Structure formats: structure tokens, C-alpha cells
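Peer 1: Would you mind keeping the following structure in view while I ask a few things?
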Amino acid sequence: MLDYSYPLYRPPAEADNIIIQATYGCSYNNCTFCSMYKSKSYQVRDIEEIYKEIDILSNSYPQSRKIFLADGDALSLDTSYLLVLLKYLKKSFVKLRRISLYASAQNILNKSSEDLELLFANGLNLIYYGVESGSDVVLKKITKGVNQNEIIESLNKASDTGMKISATVILGIGGSKYTDEHIRDSVKIINETSITYLSTLQLGLEEESKEKFYKNFTDFTLLDDHEILCEQKRFIELLNPSNKIIFRSNHASNALHLAGTLPRDKGRLVQELEIALNMGERAFVPKMFRGF
């Protein structure tokens, strides 16, 4: 129906929802572990073209309640552009109750609190945010472009407006050398912010990303599944969020799928991890069924 620019990515939770490409590519696109948008250049789409697509989609799916704005970080768009787009979406989909997008620390920090409040008031109510790691050393090695303090500042800046945040931490991204500080510092970020959803996935490097990743991260040693789950266990044990967080570790990359609400289910999740670690590979998702 629509002439999407591929590859097209969206969070697992958006699988059944309408996807509208407000931009092509990612405005930063320098993270060494990520291969998602390497084949396309960042581009802001013409708003009139998007209006035409919205008209088609609203006529075909008038009951739609959720919309995801692609590509890599649509919050990079000027606030004025986003406000016009949000208002058109609300006018076109009368039952719309959620508009979401990917966003980075840079996107959030580049906007004023007033801009973010305006966006929230006009329907932008969920941000997908890749924390990846809380370690400044690891963040530098993966060329994330921000440090721990900036991640904390941006997450709190967004959540203060009322926006919900779905944050992701990548298990294993610190390798064996930095595993302790990766987990300790990632926990610090979660404990000092007010996110709504939290997920963990295992590091997976596509072939086209490996050369750049290892060039920047010369002392990296990949963790095996057992070591990854040890990281997961330490991560959950140290989490003490100030608010309720819906936790999931069910990405296709994960060796073990977990689900719960923190802090309520912390003990159960740790127990499930201990059982899996004692059982070994018998408890893990077979590698042939995993992906990125």
C-alpha cells in the first residue's frame, strides 16, 4: 500500500500498529554495534507526502489506536514539524491514543522542556530509547556520542513531561573486561530515572558492523550465554527503581526469556535465572531460533 524506504525497523511492541516514516535513516548513525541504517542517509521527508500516506491509512484503518513514527530517531525533527504532524494524525485517526518513536539522548537534550511538553500535549506519549550501557568507558568505545550523566539527564527530562519511556540495555556490550562496570553503571541509570518499560537484549553484531566495532573496541572479548545470564542476574539484583517498571527480556536475541514487574518480581526473576544457570544450555533458547 505504501512505498516504504527499506530496511524498515520498529520495536517488537509496534508489530501490529501503523508505521509512518517521518524520516529516513538515523540522524546520528555512528554507533559501532548498530547496522540498522547504514544503507541509507538521513533525510527529512516532505510533509505533504506524509499527509497523503496518512489519508490512505486512515481510510483503510480508521479504528487504529497506535502509530509508530519511523525511522531511527524521528524526535530529531524540528518541533514545529512534529507538532504539525501530530495534529494531522490526531485529526485523521479519531481513536488514536498512542504515538511513539525512537529517540536518542541527543534528540531530547536538543529540545527545550517546553518543546517536549508541547509534543506530549499533542499526542507524543511513548519514546523508545537505547541506553545500551551506563559505563562511560563502554559508551565511548561504541561511539554512542553521550555519557552517563547525559543519558540520565535526557531520560528525566523526557519523563518529567509525562512521556512514557521504553529503555533498552544491551547485555554483553562491555565484553569480559568491562562486564562489572557495564552492569553497575547501567543499573545506576535505571535507579536514577523514572522509565516505564525496561528490556534487555544480548549483543549481536552483524557482519557489516564487526570491523568498525572491533576497531574501536580493541580489548573486547565476547561473552558466552552463561556469562550473559550472569550479567542479567547481577543487573536485576542491583535494580531498585523508584517506580514500577514493566520488565521484559524476550527479544529474539535472548538466551532466556524473562518477564515481570519491578521491583515486585525481582526475587522471582533472580530465582529463574539461578535455575537456568544451574541447568545450563538445556534451559537456553537454541541459537538456531535466535536473531537480531
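The values are calculated or read from the model by the stated rules, or taken from the named source; none is laboratory data. Everything numeric here is computed off the predicted structure, so don't read it as measured data. We place every Cβ from the backbone using ideal geometry, glycine too, and count neighbours over all the protein chains shown. Remember, those area values only see protein heavy atoms, side chains included, never the ligands or the DNA or RNA. Shrake-Rupley method; radii C 1.70, N 1.55, O 1.52, S 1.80 Å.
Peer 1: Across segment 202-227, what is the number of residues that are buried (at least 18 other Cβ atoms within 10 Å of the Cβ) and touching a Lys or Arg at 6+ places or on another chain (Cβ under 7 Å)?
Peer 2: Of the residues in segment 202-227, 1 are buried (at least 18 other Cβ atoms within 10 Å of the Cβ) and touching a Lys or Arg at 6+ places or on another chain (Cβ under 7 Å).
Peer 1: Now for a separate question. Using the structure shown, decide if Ser27 is of a type in the set (Ser, Thr, Tyr), assigned to a loop (DSSP other than H, G, I, E, B) and over 19 Å from the mean Cα position of the chain (by Cα).
Peer 2: no
Peer 1: Could you say which residue among Ile170, Ile195 is of a type in the set (A, V, I, L, M, F, W, C), crowded, with 19+ Cβ neighbours inside 10 Å, closer than 23 Å to Leu119 by Cα and in contact with a strand residue (DSSP E or B) (Cβ under 8 Å, 6 or more places away or on another chain)?
Peer 2: Of Ile170, Ile195, the one residue that is of a type in the set (A, V, I, L, M, F, W, C), crowded, with 19+ Cβ neighbours inside 10 Å, closer than 23 Å to Leu119 by Cα and in contact with a strand residue (DSSP E or B) (Cβ under 8 Å, 6 or more places away or on another chain) is Ile195.
Peer 1: Which members of segment 256-288 meet the condition of being part of a loop (DSSP other than H, G, I, E, B), surrounded by 12 or more Cβ atoms within 10 Å (Cβ to Cβ) and at pLDDT below 85?
Peer 2: Matches in segment 256-288: Phe284, Val285.
Peer 1: Can we say Ser166 is modelled with pLDDT of 95 or more, in a helix (DSSP H, G or I) and under 18 Å from the mean Cα position of the chain (by Cα)?
Peer 2: Taking the combined requirement at face value, the residue does not satisfy it.
Peer 1: Among Thr161, Thr193, Thr218, Thr143, which is in a loop (DSSP other than H, G, I, E, B), in contact with a helix residue (DSSP H, G or I) (Cβ under 9 Å, 6 or more places away or on another chain) and closer than 22 Å to Tyr37 by Cβ?
Peer 2: Thr143
Peer 1: Determine the pairs where a residue that is open to solvent by 40 Å² or more (accessible area, probe 1.4 Å), located within segment 104-125, has a partner that is not basic (Lys, Arg) with Cβ atoms under 6 Å apart, the partner being 6 or more residues away or on another chain.
Peer 2: Listed pairs, sorted by first residue: Leu109/Ser154; Asp115/Thr79; Glu117/Thr161; Phe120/Thr161; Phe120/Gly162; Phe120/Met163.
Peer 1: Could you pull out the residue among Ile50, Ile20 that is over 29 Å from Glu153 (Cα atoms), buried (at least 19 other Cβ atoms within 10 Å of the Cβ) and either at pLDDT 95 or above or among the small types (Gly, Ala, Ser) (or both)?
Peer 2: Exactly one of Ile50, Ile20 is over 29 Å from Glu153 (Cα atoms), buried (at least 19 other Cβ atoms within 10 Å of the Cβ) and either at pLDDT 95 or above or among the small types (Gly, Ala, Ser) (or both), namely Ile50.
Peer 1: I've got another one for you. Cβ-Cβ distance below 7 Å, separation of 6 or more or different chains: which pairs start in segment 228-246 with a residue that is closer than 21 Å to Tyr128 by Cα and open to solvent by less than 40 Å² (accessible area, probe 1.4 Å) and end on one that is assigned to a strand (DSSP E or B) and of a type in the set (A, V, I, L, M, F, W, C)?
Peer 2: Pairs found: Gln232/Leu171; Leu239/Leu262; Pro241/Leu262; Ile245/Leu198; Ile245/Leu262.
Peer 1: If you don't mind, there's one more thing I want to ask. Before we move on, is Lys141 out of contact with any Ser or Thr (no Cβ under 6 Å at 6 or more places or on another chain), free of Cβ contacts under 8 Å to residues at least 60 places away in the same chain and not small (Gly, Ala, Ser)?
Peer 2: No, not satisfied.
Yes/no matrix, rows are residues, columns are (1) under 20 Å from Ile165 (Cβ atoms); (2) aromatic (Phe, Trp, Tyr); (3) within 21 Å of the chain's Cα centre (by Cα):
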site	(1), (2), (3)
Ile67	yes, no, yes
Ala74	yes, no, yes
Leu77	yes, no, yes
Leu82	yes, no, yes
Leu85	no, no, no
Tyr88	no, yes, no
Phe93	no, yes, no
Arg98	yes, no, yes
Tyr102	yes, yes, yes
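Peer 1: Name the pairs: first residue in segment 16-33 and polar (S, T, N, Q), second residue open to solvent by less than 40 Å² (accessible area, probe 1.4 Å) and assigned to a strand (DSSP E or B), Cβ to Cβ under 7 Å, at least 6 apart or on different chains?
Peer 2: Hits for this filter: Asn17/Ile67; Asn17/Phe68; Gln21/Ala70.
Peer 1: Within segment 69-95, which residues are surrounded by fewer than 19 Cβ atoms within 10 Å (Cβ to Cβ) and over 12 Å from Thr23 (Cα atoms)?
Peer 2: Thr79, Ser80, Leu83, Val84, Lys87, Tyr88, Lys90, Lys91, Ser92, Val94, Lys95
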